[in-house]
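Worksheet: the structure to be examined is printed underneath.
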Amino acid sequence: MKVLEINGGKKLEGTVRISGSKNASVALIPAAILADSEVTICNVPEITDTDALAEILDYLGATVKRASESIVVDPSTIKNKEIPEEMSNKLRASYYFMAVLLAKFKHVEMYFPGGCAIGARPIDQTLKGFKALGATVNEEGNRYVIDAKKLTGAHVYLDMPSVGATINTMLVAVKAEGETIIENAAKEPEIVNVATFLNNMGAQITGAGTSEIRIIGVESLEGCYTEVIPDRIETGTYIIAGALMGDHLKIDNIIPEHVEMLILKMKEMGVEIEVGPDYVIVSKTANLKPVQIKTQGYPGFATDLQQPVTVLLTQCEGKSILEETVYENRFKNVPYLNDMGANIQISGNRIDIEGASNLTGCQVEATDLRAGACLVLAGLLAEETTKITNIGPVLRGYENIVEKLTDVGASIKIKEEN
Ligand code: EPU
């Protein structure tokens, strides 16, 4: 069994370079299938989620070449095959293959996708989008058979601004006949990244990044080159690390606007932070003030930073309140933080954090990706040694996390233990 061992209390100084976005890459890689010729995607992080998608592309018959930070896909030899459940349930993003195979072949058979167990995470809005564009969906348990004689543009209203449903509807609409309008679309930067990629292939998408996206379908899409945006959740995670243990820690190669809510909240706490055009510099600051945070879709406070920021809230003097409005079950990190010495009460979708607390390392488990990130941050801050078990989820989302933290002064390593 692999464990992450952290000896906390070390000052973090120097520069962390942020990698390409996981949640953009995991949509761009399946989207490559829509082109009829070779596609190059740059700045793809080397994490197990992108590996899993490259494996699916390979299984479907595409030629996939991986070089450092880029992936080249020739989809011209692709076959429409059912993706085995053990491949698709490794991650949530496998369901982007539902959309691209439907768009390309008008028929797809696939299982319910995987992903972190942080809530029910149904896919009804994605299926609603497919149906509006002319598909019929047959559910056989957790397996879906989706067919369309013809895909036709339509007016789609999403009941909630779902990132996955927005991307999936867009991926099908680019090849449907006529115009599609997605209302109440999610506005996350990853959606803009996907729309730009598709437009580079020859699609006609406008409005990505707003709540109304318009797509005029085209007959074919050509190979192109695109670049993945910096990972805003990795950015936020390292900014929080800087606020906990930094001595002018520089977080570089970022788009500060994508983490604006986090920066504003940190300024409200009193964290010393300098914001540059593509970097921030952040230091541990004494006497932090408590704040209230509510997670929301972009540009609101990102749910994916909710668990990481909880560690910083344990260092504020007084009671902070954090409300999680996106997922029903995203507090699995809390009992472990309390084991380490935090004082956090869970009530429904809200936690009350009474600080400041001294944290001490102990054995904890990464129940999901961002819970794992939270515990890494707690381990960096805590006295003594923190051992994190079940580190798979962390490695799904953070490229070279051990090397990046070691380079700026942390004492962290992956150990093999029985
Ligand atoms: N929802 C539904 N029905 C749907 C779709 C979503 O009820 O058909 C609900 C979900 O259950 C959830 C909320 O709507 O409560 C938001 O879900 P959304 O579809 O926006 O999330 P997602 O596309 O499944 C992506 C990221 C998540 C991130 C969310 C929100 C990927 C692969 N995943 O998930 O990332 O939390 O958007 O920003 O892009 C992570 O990186 O740790 C992570 C979980």
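Compute the Rg to Rh ratio over segment 1-89 from the alpha carbon atoms, using the Kirkwood formula for Rh, and round to two decimal places. Expressed as Rg/Rh, it is 1.11.
For segment 178-323, DSSP calls about 75 percent of its internal beta bridges antiparallel. Find the centroid of the Cα atoms in segment 61-136 and in segment 282-355, then give the distance between the two in whole Å. Using only Cα atoms, the two centres lie 33 Å from each other.
Compared with the dominant Cα axis of the chain, that is its longest principal axis, helix 22-31 is turned about 10°. Of all beta bridges that DSSP places with both ends in the chain, some 70 percent have antiparallel geometry. Calculated mean residue ellipticity at 222 nm for the chain: -9500 deg cm²/dmol, from DSSP H runs with n ≥ 4 weighted as -39500 (n - 2.57), summed, divided by the residue count and rounded to 500. Scaled against the 2.2 N^0.38 Å expected of a compact globular protein of N residues, the Cα radius of gyration of the chain reads 0.98. Once the C-beta distance of Glu55 and Tyr225 is scaled by a Förster radius of 25 Å, the resulting FRET efficiency is 0.65 to the nearest 0.05. Could you tell me which residue out of Phe112, Gln125, Val100 lies farthest along the dipole of segment 1-130 toward its positive end? Charges go on the beta carbon: Lys and Arg +1, Asp and Glu -1, centred on the Cα centre. Result: Gln125, furthest along the dipole toward the positive end.
Comparing Gly276, Ile216, Leu28 along the charge dipole axis of the chain, the residue lying farthest to the positive side is Ile216, per the Cβ-charge model.
The simple spin-label model puts a point 7 Å past each Cα toward its Cβ; for Asn418 and Gln204 those points are separated by 6.7 nm.
The slack in the chain from Asn400 to Ala117, taken as 0.36 nm per residue of separation less the alpha-carbon distance, amounts to 99.5 nm. A simple count of charges around Tyr279, restricted to other residues whose Cβ falls under 10 Å of its Cβ and scoring Lys, Arg +1 and Asp, Glu -1, yields -1. This model, with +1 at the C-beta of Lys and Arg and -1 at the C-beta of Asp and Glu, gives segment 85-195 a dipole about its Cα centre of some 180 debye. For Arg350, neighbours were defined as the other residues whose beta-carbon sits under 10 Å from its Cβ, and their charges (Lys and Arg +1, Asp and Glu -1) total -2. Taking 7 Å steps out from each Cα toward its Cβ at Thr360 and Asp252 produces label points 3.9 nm apart. The shape of segment 44-141 comes out oblate: with a ≥ b ≥ c from the C-alpha gyration tensor, a/c is at least 1.5 while a/b does not beat b/c. For segment 80-128, the list of chymotrypsin sites (Phe, Trp or Tyr not before Pro) that fall in a loop by DSSP and count at most 11 other C-beta atoms within 10 angstrom is empty.
With both residues required to sit in segment 285-354, DSSP beta bridges show an antiparallel share near 65%.
Sorted into 5 angstrom bins from 0, the C-alpha pair distances of segment 105-214 split as 2, 12, 23, 23, 21, 14, 5, 1 percent.
Enumerate the residues in segment 307-339 having an amide nitrogen under 18 Å from the point lying 7 Å beyond the Cα of Ala286 toward its Cβ. Answer for segment 307-339: 315-318. Using a Förster distance of 35 angstrom, determine the FRET efficiency expected from the C-beta separation of Phe105 and Thr48, and round it to 0.05. Using R0 = 35 Å, I get an efficiency of 0.80. What do you get for Rg/Rh over segment 202-268 if you use C-alpha atoms and the Kirkwood form of Rh? Rg/Rh: 1.17.
Shape summary: segment 177-320 maps onto an equivalent ellipsoid whose semi-axes, from the alpha-carbon gyration tensor, are 37, 17, 9 Å in decreasing order. Between Asn184 and Thr325, the simple label model (points 7 Å from Cα in the Cβ direction) yields a spacing of 1.4 nm.
No lab work stands behind these numbers, since they all come straight from the coordinates. Nothing here was measured: the structure is a model prediction, and the numbers come from that model. Cβ: placed from backbone, ideal geometry, glycine included. Neighbour counts: every protein chain shown.
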